[in-house]
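Nothing in this text is a laboratory measurement; each read-out follows from the coordinates by a stated rule. Here the structure is a predicted model, which is why all the values come from computation and not from measurement. Cβ coordinates were reconstructed from backbone atoms using ideal geometry, including for glycine residues, and neighbour counts include every protein chain displayed.
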Amino acid sequence: METKILSTSKQDIALAGKILRGGGLVAFPTETVYGLGANAFDEEAVKSIYRAKGRPSDNPLIVHIAKKEDIAPLVEEIPEKAQKLIDAFFPAPLTIILKKSPLIGKTVSGGLETVAFRMPKNEIARAVIEAAGVPIAAPSANTSGLPSPTKASHVIDDMQGKIEAIVDGGDCEFGVESTVITLAEKTPVILRPGAITKEMIEKVIGKTALAKAVLSEMEEGEKAASPGMKYKHYSPKAKVFIVDADKKTYENFVNSKKGAFALCFEEDEISIPKVVFGKENDDLSQAKLLFDKLRELDELGAKKVYARIPNKDGIGTAVYNRLIRAAAFNIIDLKKPFTIGLTGQTGAGKGYVCEELEKLGFKIINSDFVARKLTEKGSPLLGALQKSFGEDILENGELNRKLLAKRAFENKEKTALLNSVMHPAIIEECKKQSRHPCVFDAPQLFEAKAEDLCYKIICVSAPAEKRLERIMKRDNISEEDALLRINAQFDEKYYIDRSDYVIYNNGQNINEQINRILEVIL
Ligand code: TXA
Ligand code: MG
C-alpha cells in the first residue's frame, strides 16, 4: 500500500474524511501526539489499527469526537462529574472513561464494559473527524512499544506502507498524550497523567486519585487499572537510566560515562554526546521534546542513555511517567550518598574488588580508615569513648586500641556500646567525603544500618578455606586466631540476603562479575 501524505488544505481534509468513512486508516495530528484513526463504528477498520500498530487486542482505543453532542450516544449515561469536566475543559487533551453504550463494539473497548472518549483541542484533528462524519477510534500512531509520534515524520517512520494516509499538520503542541481519567468507578482516578493536571481536575470535581502505576512499577500479579499500563512503552532501542540527582552531581556522574549519551536539559554542562529535551524549569518544553528526542537517540545509535530526572510537578508528572517507562523503571538514585555499598565477611577479598572499582573511576571511601582517623590524637570522639570505656583507654592522648578492643569485645552489650559511638560518626564523615560514583567500603555496613544510604549493595563472598588463608597471610596470625575472627562474624547468608548483588571471589573472573553488575546497575 502506498501511504499518501496529505496537507491540511480543505481538499486534503475532505479526502482524509472520505478514506476514514470508507474503512481506511488515516494518521492525523492532535495537540498531544499524532493519532492513527479509523471509523469507530466499523469493526473491521478498527481491527486494522491493531494490526498496523502490532497492538495487543485487549488494549482499548480512545474514541475521538468533534462536538460535545456526539458524546451521549457512546456512553450509558453522563454522570455529573463527567459533565462538569466536559464543560470545563473540552475540547482538550483530556480523555474520560465511562460505561459504554451498545454502539461501542468490543474491538474498540478491548472487551471492557467502558469506553474512553475525547474531543481534541487541535482544529485539524476536529476537522478530520468532522469530515469523516463518524467518531474516530485513534491510538497514538506509533508502532506499539515505541515512543509516540509528535511529528509527521515519526508517523512516516513507523506506518509508511501500512496505512492509507497521513495528514501532516506539523509538530504537536504538547508532545505527551492526553490525561486519561476514569469516572466509571466511585472515585475518579487518573490512569495516565497529561497536560490537564490533577490540580486542574480537582478544582472542578474535587478529590481525584492518581493510579499507583503512574509513578511506580506495577508489582507482579497486580491488576492494571488501564490495560495500557501493563505493556512496555515509549522504549527506544538504547538502555535508558534516569539519574536522580542535582545538576552538579548529574553532570559529574554523566561526564565520566564514556561511550554513553546524556538526555539532559539545556542548562546542563555535558562533555559526552548529548540530546537536549527542554529547559530545567520548563515542563512544557520537556513534554514537547521528550518523544522526539527518544527517537533521535535511536537514530544516533545510542546504546546507553543517562537522563536527567525531570521535576514531577504539573505536566512534569506526565513527562516523568513517560520517561520512567522508557527507562524500564531504571532509576539511579544519586540522592543517596554512596553509589555502591561494599561489604562481606573478613577475608572475602573486598580489597581486590575495591582496587578494580577504583580503576574504573569510583572514589573509594573505606570505613576502617575513617574510623582510624576519627580516633587519632585530639579527636573529639575520644572523649565519648573514654566516657563509655574508661579514662585509661587514652595514654598521653593516644588511644590504646588493644585496651579498647579488650573492653569493647568483652560482651555483646559492650560491643553495641562501641558501635553506638563509632558508627554514626563514621557514617557522617564518610558522607562528607562521598562524591559519585563512589564505593562505601564497609565491613559493618548492615550493623551500622547504612543500607539506605547506598544506591546498590554488593557483598563479596569467598569459600571458608580461602578466607582463612587470606586472613592468616594478611594479618600474620595463626589458624586458630583466624578461625576465632571468622566465627565472631555473621555467616555468608547474612550478607547475601541483605545485598543486591554478590561477587564470588575465589580468585577467578572477578572482573567479569564486576562488569556484569555495573552493566545492569549503572
Ligand atoms: O492524546 C491521546 O490520548 C492520543 C491522541 C491520539 O488522542 N491517543 C492515545 O491513545 O494516546 P493510546 O491508545 O495510545 O492510549 C490510550 C490509553 C491506553 O493506555 C489504553 O489502555 C487506555 O488509554 N484506555 C483506553 N480505553 C480505556 C478503557 N476503557 N479503560 C481503561 N483504559 C483505557
Ligand atoms: Mg499509545
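For G24, the criteria (1) within 15 Å of A141 (Cα to Cα); (2) within 16 Å of ligand 2 (Cβ to nearest atom) hold in every case but one, which is (2). Listed by first and then second residue, the pairs linking a residue in the stretch 180-198 that is within 13 Å of I97 (Cβ to Cβ) and outside any loop (DSSP other than H, G, I, E, B) to a residue that is within 14 Å of ligand 2 (Cβ to nearest atom) and of a type in the set (D, E), with Cβ atoms under 7 Å apart and 6 or more places separating them unless they lie on different chains, are R192/E177.
Within the stretch 115-132, is there a residue that is part of a helix (DSSP H, G or I), within 16 Å of ligand 2 (Cβ to nearest atom) and touching a strand residue (DSSP E or B) at 6+ places or on another chain (Cβ under 9 Å)? Among the residues of the stretch 115-132, at least one is part of a helix (DSSP H, G or I), within 16 Å of ligand 2 (Cβ to nearest atom) and touching a strand residue (DSSP E or B) at 6+ places or on another chain (Cβ under 9 Å), which makes the answer yes.
Are any residues in the stretch 90-111 within 8 Å of ligand 1 (Cβ to nearest atom) and of a type outside the set (S, T, N, Q), and if so, which ones? Break it down into steps so the answer makes sense when it comes.
Taking the stretch 90-111 first, the residues within 8 Å of ligand 1 (Cβ to nearest atom) are 93, 95, 97, 100, 109-110.
Passing the criteria: P93, I97, K100, G110.
The residue of the stretch 54-78 that is farthest from ligand 2 (Cβ to nearest atom), among those that are more than 21 Å from E123 (Cβ to Cβ) and crowded, with 24+ Cβ neighbours inside 10 Å, is P60. Scanning the stretch 500-513 for residues that are surrounded by 15 or more Cβ atoms within 10 Å (Cβ to Cβ) and over 26 Å from M472 (Cβ atoms) turns up D500, Y501. Within the stretch 112-124, restricting attention to residues that are in contact with a Ser or Thr (Cβ under 6 Å, 6 or more places away or on another chain) and more than 26 Å from P79 (Cβ to Cβ), the residue that is farthest from ligand 1 (Cβ to nearest atom) is I124. Any chance the stretch 147-155 includes a residue that's among the polar types (S, T, N, Q), part of a strand (DSSP E or B) and within 14 Å of ligand 2 (Cβ to nearest atom)? No, the stretch 147-155 has no match at all. Just so you know, in the stretch 166-179 the residues that are part of a loop (DSSP other than H, G, I, E, B) and within 16 Å of ligand 2 (Cβ to nearest atom) include one that is nearest to K99 (Cα to Cα), and it is S178. State all residues of the stretch 225-238 that are in contact with a strand residue (DSSP E or B) (Cβ under 9 Å, 6 or more places away or on another chain) and either surrounded by fewer than 17 Cβ atoms within 10 Å (Cβ to Cβ) or assigned to a loop (DSSP other than H, G, I, E, B) (or both); if no residue qualifies, say none. Hits for the stretch 225-238 are A225, S226, P236, A238. Taken over the stretch 202-238, residues that are within 30 Å of D87 (Cβ to Cβ), more than 16 Å from ligand 1 (Cβ to nearest atom) and of a type in the set (A, V, I, L, M) amount to 2. The C-beta contact set for the stretch 133-161 (first residue away from ligand 1 (no atom under 12 Å from the Cβ), second residue among the polar types (S, T, N, Q) and not in a loop (DSSP other than H, G, I, E, B), distance under 7 angstrom, 6+ apart or interchain) comprises V134/N39.
Go through (1) more than 30 Å from S9 (Cα to Cα); (2) in a strand (DSSP E or B); (3) among the hydroxyl-bearing types (S, T, Y) for T95 and report which single condition fails. It is condition (1) that T95 fails.
In the set (1) within 20 Å of the chain's Cα centre (by Cα); (2) of a type in the set (A, V, I, L, M); (3) assigned to a loop (DSSP other than H, G, I, E, B), I163 fails one condition alone, (1).
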